[in-house]
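Step one of this worksheet: look at the structure below.
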Amino acid sequence: MNNPTTKVASAARSALDEGVDATHGALDSGRDFANETMDRAGQKVRGLRDQVDPLVDQLKSRAQDVASRGKEYAADAKYRAQQQISRYADATGEYVAEQPMRSVLIAVAAGAAIAAVVMLATRNTNRNRY
C-alpha cells in the first residue's frame with residue numbers, strides 16, 4: 001500500500017501535525033510572555049502603591065493636624081470673644097448703675113440718631129423711586 005496518494009496524505013498529515021505543534025508552541029510562548037508581562041506590571045503597581053501609601057498617610061495626618069488646630073483656634077477665639085463681651089456687659093451695667101440719668105440720656109440720644117438716619121435713608125429711597 002505504498003501508493004502515491006497514501007504517501008501524499010501521510011506527508012500532509014505529518015506537515016499538519018507539525019503545524020499544529022508549532023501553533024501550540026507559539027500559543028504557549030505567547031501565553032507565557034503575557035503572563036510574565038502581567039506579573040511585572042503587577043509588581044510595578046504594587047511597588048508604586050507601596051510608595052504612594054505612606055504619602056497618603058502623611059497627607060491625611062497633616063490634614064487632621066490642621067483641622068485639629070483650626071478647631072482649637074476657633075474654640076479659643078470663641079472663648080476670648082465671650083470674655084470680652086462679658087467684660088463690656090459688666091462695664092455697661094456698672095456705668096448704668098453709677099449714672100442712671102446720664103445713661104438714659106445717652107440711650108435717648110442714640111435712639112434719636114438712629115431714627116434720624118433711618119428716616120433720611122427711607123426718604124432718599126422714596127425720592128429716587130419717582
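Computed from the coordinates by the stated procedures, all read-outs in this text should not be read as laboratory data. Because the structure is a prediction, the values reported are computed rather than measured. Using ideal geometry, Cβ is built from the backbone for each residue, glycine included, and neighbour counts are taken over all protein chains shown.
Mean-square fluctuations from a GNM of the chain, with a 10 angstrom spring cutoff on Cα atoms, peak among ALA113, ALA67, ALA77 at ALA113.
Does the stretch 4-98 classify as rounded, prolate or oblate by the C-alpha gyration tensor (a ≥ b ≥ c root eigenvalues; a/c under 1.5 gives rounded; else a/b over b/c gives prolate, otherwise oblate)? Prolate is the answer for the stretch 4-98, as a/c is 1.5 or above and a/b outweighs b/c.
Between the C-alpha center of the stretch 56-82 and that of the stretch 33-53 there is a gap of 38 Å.
Taking Cα atoms only, the orientation of helix 4-98 departs from the longest principal axis of the chain by about 10 degrees. Calculated [222 nm] ellipticity per residue, helices only, for the chain: -36500 deg cm²/dmol; basis is -39500 (n - 2.57) per DSSP H run with n ≥ 4, divided by all residues, nearest 500. If the cut-off is 28 Å between C-alpha atoms, which lysines fall inside it for LYS78, apart from same-chain ones fewer than 8 positions away? Result set, ordered by chain and number: LYS60. When the Cα positions of ALA77, GLN51, ALA34 are compared along the charge dipole of the stretch 11-87, ALA77 comes out farthest toward the positive end, with charges on each C-beta of Lys, Arg, Asp and Glu.
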